[in-house]
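Structure first, commentary second.
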Amino acid sequence: LQYLSTMFEIVVFTAGEKDYADTILDFMDGERLIIKHRLYRQHCFSPTRGIYVKDLRVIEDRELKDLIIVDNSIVSFAYQLSNGIPIKSFTGEHNDEELLFLVTYLEELFTQPDVRQHIDNTFKLNMMMQEQR
């Protein structure tokens, strides 16, 4: 995260409750030197009970072409599939290399004028959704 913060403004957007999330985030980065902003469950939309969608449009002072969301649940970024990078859940395995792959991919995205085109070309989530309709 420290390395990525030299390229990106890092924000945590969690479906977790504020008190719970702040306990963890304060432990990780209490001085907020790396994680600049925090968004919580109260900032999510809940179209049905127990489902929380992180609508990036709540970030009003940034353009969608510049926003990336990384989440282990595609539903979490369902409103902006072109901004979302799906990642496997961390289950404690010592050989888990997902974050290394993510860093490499984010380095690629850093040079893109519109992250959505590159994300669409890589993950094809919008195309899969169109096929399902």
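The values are calculated or read from the model by the stated rules, or taken from the named source; none is laboratory data. Just so it is clear, the structure is predicted and the values come from calculations on it, not from any experiment. Ideal geometry is used to build each Cβ from the backbone, glycine not excepted, and the neighbour counts take in all protein chains shown. What goes into the accessible areas is simple: the full protein's heavy atoms, side chains included, and nothing from ligands, DNA or RNA. Shrake-Rupley method; radii C 1.70, N 1.55, O 1.52, S 1.80 Å.
Within the chain, how many lysine pairs that are 8 or more places apart, or on different chains, have C-alpha atoms less than 21 Å apart?
The result is 9.
From the alpha carbon gyration tensor of the chain, can you work out the equivalent ellipsoid semi-axes (sqrt of 5 times each eigenvalue) and give them in Å, largest to smallest?
22, 19, 16
Quick one: dipole size for the chain, taken about the Cα centre, charges +1 on Lys/Arg Cβ and -1 on Asp/Glu Cβ, in debye to the nearest 20.
In debye, rounded to 20, the chain gives about 540.
Ignoring ligands, DNA and RNA, please state the percent of accessible area on region 1-115 from carbon and sulfur, probe 1.4 Å.
In region 1-115, the share of accessible area belonging to carbon and sulfur is 55 percent.
Largest first, how would R133, R57, R116 line up by accessible area (1.4 Å probe)?
My answer, sorted largest first, is R133, R57, R116.
I'd like to check one number: the per residue accessible area of the chain, probe 1.4 Å, reported in Å² as a whole number.
Value for the chain: 69 Å² per residue.
Apply the a/c threshold of 1.5 to the C-alpha gyration tensor of region 17-92 and tell me whether it is rounded, prolate or oblate.
Here region 17-92 falls in the rounded category.
Based on DSSP loop calls and a cut-off of at most 12 other Cβ atoms within 10 Å, the longest stretch of the chain free of exposed GluC sites (Glu not before Pro) is what?
98-133
Grab the other residues whose beta carbon is less than 13 angstrom from that of T104, score K and R as +1, D and E as -1, and report the net.
-4
Net charge near E63, counting Lys/Arg +1 and Asp/Glu -1 over other residues with Cβ under 13 Å of its Cβ?
Summing Lys/Arg as +1 and Asp/Glu as -1 gives -1.
In debye, nearest 20: dipole of region 40-81 around its Cα centre with unit charges on the Cβ of K, R (+) and D, E (-)?
Dipole about the Cα centre, nearest 20: 220 debye.
Based on DSSP H runs of at least 4 residues, each adding -39500 (n - 2.57), what is the mean residue ellipticity at 222 nm of the chain after dividing by all its residues, to the nearest 500 deg cm²/dmol?
For the chain, the value works out to -9500 deg cm²/dmol.
When every alpha-carbon pair in region 62-133 is counted, what percent end up more than 16 Å apart?
Every Cα pair in region 62-133 considered, those over 16 Å come to 51 percent.
Taking the dipole about the Cα centre of region 1-121, with the C-beta of Lys and Arg at +1 and of Asp and Glu at -1, give me whichever of C44, A21, F101 is farthest to the positive side.
Checked the options; the winner is C44.
With an 8 Å cut-off on Cα pairs and a minimum separation of 6 or more residues, tell me the relative contact order of the chain in percent.
18
Using the charge dipole of region 1-97 (Lys, Arg: +1 at Cβ; Asp, Glu: -1 at Cβ; taken about the Cα centre), state which of Q2, V70, I59 has its Cα farthest towards the positive end.
In region 1-97, that residue is I59.
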